[in-house]
Protein chains: 2
Amino acid sequence: MARASDKLIEQLKQEIFSGLLKPGDQLEEADLAVRFNVSRTPIREAIRSLVDNGLLETRSRKGAIVRVLNAKELNDLFEVAAELEGMACRLASERLTQSNKKIIKASLDLCQAAAQVEDIPGYAEANLAFHGAIHEASENDWLTDQLSQIQARINVYRLMPYEIVGRLEKSLVEHQKISEAIFAKDGLSANSLMRDHMMLQGARLPSLLRALV
Amino acid sequence: MARASDKLIEQLKQEIFSGLLKPGDQLEEADLAVRFNVSRTPIREAIRSLVDNGLLETRSRKGAIVRVLNAKELNDLFEVAAELEGMACRLASERLTQSNKKIIKASLDLCQAAAQVEDIPGYAEANLAFHGAIHEASENDWLTDQLSQIQARINVYRLMPYEIVGRLEKSLVEHQKISEAIFAKDGLSANSLMRDHMMLQGARLPSLLRALV
DNA sequence: ATTAATTTATATGGATACATATATCAACTA
DNA sequence: TAGTTGATATATGTATCCATATAAATTAAT
């Protein structure tokens, strides 16, 4: 039997990522205990975990709130994300196996299919698959781990209604170029192409923040 | 008043980093509760935190043990550390302020002083100061945070008696070159010099692991 | 009427009591 | 003698209880 707190962690993460819990929202242990029909103990453990994870923050005796990232913090986060994504591309170039190549290609096809019919949620999913495929191809588990954590953090700020006028097409082209560089084992190009790709996302941050209310 | 679990976390970290608790050692909640004269509750919170931090690991109903990193995991960790340290150098080159420059210089002097008299613990401390100064100069708080966490992890494996025959001198020269590149605002060189510097450390891993018993 | 102080309520931090799963050891059978 | 099964013990997981700090509200004083 899985621990109750583990389920709670997943559930709360979902609620944060889905936007149900918005940055700044307060979490009260007693309320959560009633909602999830468990005692306060596993609730407290889950909250602690999420605090350590950086998704919540606490002030002494003031309970936990969903952490709010300001513009600089988000920018810093994106910079690190861009660097590590670029690193993954470099390593993938150096260590590419046939099977990983296939997986990257498949995810790229998904991106293309979604882009053609302008299926935005579909593209978002395919996009994650594409990046995930590259992470795996890096063969560095620590890196893969870090990136999935960072991605989770970024996703909190990504799901709000955002206009992607023509951005799907551009993103797809960038993906294609990145893949080509990896397949050509050109780690240097793959690295910088991915970094640029990520930084373009990051450049949209200010408008995201404004949308945040 | 600080929370009891916070103090426990620091204490347990110290014991892990100091080698008192070795990888594989089991931590029993009741024992710790007696040792620290608190109830099991803060003990459990501390353990959870350390598990999330990656310093401990748990299996269902089997309690917590000090996490053991195998050769590949350590290698993966070093690769990421090297990349992020390099990134810090690049950013420091781009954003260097006069005050940060002074701090880097000061830490470099500490390294030199320690190296001249072959003061190994002194050099280790100066080394941390040097890297820390560069982290700060990157002006990226997220990066600084990640690096300090990674450094803590690496330190667990670093404190065992390791021979540094002539390594102090070499390390110092590398530090000097890195600083020069940063001061010349040559981010590209600073990045790769630091990456190489870190990877040299990483290359000593196999012997470290053998020393681990 | 406004502000400050005291009291009261409530939510977090910590201790303890209780439930349950796993491991160890012993006994019995093949 | 070796292996399997069952009972007991122990450590983890959960619930609840108690203490205390903080916040809110009410009252009193200027």
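Out of the stretch A:21-63, which residues are out of contact with any Ser or Thr (no Cβ under 8 Å at 6 or more places or on another chain) and closer than 18 Å to A:Ala152 by Cβ? A:Leu21, A:Lys22, A:Pro23, A:Asp25, A:Leu27, A:Leu50, A:Asn53, A:Gly54, A:Leu55, A:Leu56, A:Glu57, listed by residue number. Residues in the stretch B:117-136 that are away from chain A (no Cβ under 14 Å) and open to solvent by less than 50 Å² (accessible area, probe 1.4 Å): B:Gly122, B:Tyr123, B:Ala124, B:Ala126, B:Asn127, B:Ala129, B:Phe130, B:His131, B:Gly132, B:Ala133, B:Ile134. Answer yes or no as to whether B:Arg90 is within 30 Å of A:Gln149 (Cβ to Cβ), modelled with pLDDT of 90 or more and within 14 Å of another protein chain (Cβ to nearest Cβ). Yes: the conditions hold for B:Arg90. Can we say B:His135 is modelled with pLDDT of 90 or more, within 16 Å of the chain's Cα centre (by Cα) and part of a helix (DSSP H, G or I)? Yes: the conditions hold for B:His135. Of all the residues in the stretch B:38-66, those that are away from DNA strand C (no atom under 16 Å from the Cβ) and either among the hydrophobic types (A, V, I, L, M, F, W, C) or outside the structural domain of B:Gln11 (by TED's automatic domain parsing) (or both) number 4.
Residues of the stretch A:1-51 being within 12 Å of chain B (Cβ to nearest Cβ) and touching a strand residue (DSSP E or B) at 6+ places or on another chain (Cβ under 7 Å), which ones? Residues satisfying the conditions are A:Ile47, A:Leu50, A:Val51. Counted as qualifying within the stretch A:1-116 are the helices (runs of 4 or more DSSP H) with 2 or more residues that are away from DNA strand D (no atom under 15 Å from the Cβ) and open to solvent by less than 30 Å² (accessible area, probe 1.4 Å), namely A:4-17, A:71-95, A:98-116.
The values are calculated or read from the model by the stated rules, or taken from the named source; none is laboratory data. Only a predicted model underlies this, so the values are computations on that prediction, with no experimental measurement involved. We place every Cβ from the backbone using ideal geometry, glycine too, and count neighbours over all the protein chains shown. To get the accessible areas, we keep the full protein, side chains included, count just its heavy atoms, and leave off ligands, DNA and RNA. Shrake-Rupley method; radii C 1.70, N 1.55, O 1.52, S 1.80 Å.
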